[in-house]
Structures are given as structure tokens and as C-alpha cells.
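Contents: one structure, followed by commentary.
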Amino acid sequence: MPTKKKSTKKTTSKKTKQTRSSTKSPKASPSSSSKVRLRSNEVICVFGRKGSGKSYWIKQHLAKIPARQSLWVWDPVSEYAGPSAEVPLHSGSLFYSMRSMLEAAKAGKLGKRVVLQAPRAEFDLFCTFAYRTGRVTVVVDEINLFCSPSKCPAPLLELLRIGRHAEVDL
């Protein structure tokens, strides 16, 4: 009598599987194969090993955000703008301080694409400004520089917890 083979089905969360980075190389990230829908008022966290393609994956998905939508990137290691950027955000403004970013906003010259490479001391102001401005997608790269698993700056927590009410995507 033939025996039936039991199917071995892995129970992996679809969302986790789609956002997890490949460990092969940064260029072999899941960006080309994953089909994650970026929805409004959603927090997406991408985590993985060093060099696994997290930032590359994020950049590929940021490229799909319509030009009419505001996008602000906290970029402490110059990955999104400047001479060392692998995949720069084109047609955006690069600021090196919150003061210059706020001045541009007051003058009505902030633009839809913003990359901020400011000192760590200005991170809280960046988060507060994003929340108060609203209707913006915020990317915080290298969040481990600002947070530990048990502690996060209060303005970032505000964005995470209630930013959706100001239409802030993170």
C-alpha cells in the first residue's frame, strides 16, 4: 500500500517574509521580487544584518512614491544624497541643519523631496517638525544611532504612535 507524503508547509508571516532582506549581497535585495504595497498612514520597519540590503530595498521603494508626495529622509551616513550616495534621491533638497530646513520651509522653498544630514542633536526637532507639518513620508535611516530596543526619543515615539493622524508615513 503506497504511503502518503505529508506536505511540509512553512508558516512564515507574509509581511515578514516580504520585508526581510536577503543575506547574499546588497544588490540581491528582495526589492525586485517582493510585492509590498506601501499604504497611507503605515509604519514599515526593515531590519536585517549589516550589508544585507536594507537601505537598498528602501531606496527602491522610495523611487515608487509619486513626485507630488512629500518625502523627508534623515540620512546620518550620506546614503541618500551627496557624493557618496549609491542611489541618490533626484530632484530633492539637501540640508545639513534643521535651521536651514526650517528657513527653506518659511520661505516656501522646501520642496517635496528633502534629505537632512544634520547632527544627532537635531533629530528630535526633525521628528517634531514632520509631525506638525503632516502629509509627509518620513524615512529614518540607521535608526540604531538614535534608539535602542528599549528606548526611543519622545518625538519619534510621537510619530510612531499618533503620526497617522497627521498623515505621516514612517
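The values are calculated or read from the model by the stated rules, or taken from the named source; none is laboratory data. No experiment lies behind these values; they were computed from the predicted model shown. Cβ atoms come from the backbone with ideal geometry, glycine included; neighbour counts cover every protein chain shown. Heads up: the accessible areas ignore ligands, DNA and RNA and are worked out on the full protein's heavy atoms, side chains in. Shrake-Rupley method; radii C 1.70, N 1.55, O 1.52, S 1.80 Å.
Before moving on, here are some points about what is shown:
- Residue list for the stretch 126-137, restricted to those being of a type in the set (Gly, Ala, Ser) and buried (at least 17 other Cβ atoms within 10 Å of the Cβ): Ala130
- Yes/no for Val140 being under 21 Å from Leu94 (Cβ atoms), in contact with a Ser or Thr (Cβ under 9 Å, 6 or more places away or on another chain) and open to solvent by less than 50 Å² (accessible area, probe 1.4 Å): no
- Total residues in the stretch 103-158, condition within 19 Å of Ser78 (Cβ to Cβ) and of a type in the set (Asp, Glu): 3
- Among the residues of the stretch 115-152, the one identified as more than 19 Å from Met98 (Cα to Cα) and in a helix (DSSP H, G or I) is Asn144.
- Restricting the stretch 153-162 to residues that are free of Cβ contacts under 8 Å to residues at least 40 places away in the same chain and assigned to a helix (DSSP H, G or I), the residue that is nearest to Thr128 (Cα to Cα): Pro155
- Candidates Val73, Val36, Val87: the one that is within 11 Å of the chain's Cα centre (by Cα) and either within 16 Å of Val138 (Cβ to Cβ) or at pLDDT below 80 (or both) is Val73.
- For the stretch 104-118, the set of residues classified as open to solvent by less than 70 Å² (accessible area, probe 1.4 Å) and more than 17 Å from the chain's Cα centre (by Cα) consists of Ala104, Ala105, Ala107, Gly108, Leu110, Gly111, listed by residue number.
- Members of the stretch 47-70 that are open to solvent by less than 40 Å² (accessible area, probe 1.4 Å), closer than 21 Å to Phe146 by Cβ and at pLDDT 85 or above: Ser52, Trp57, Ile58
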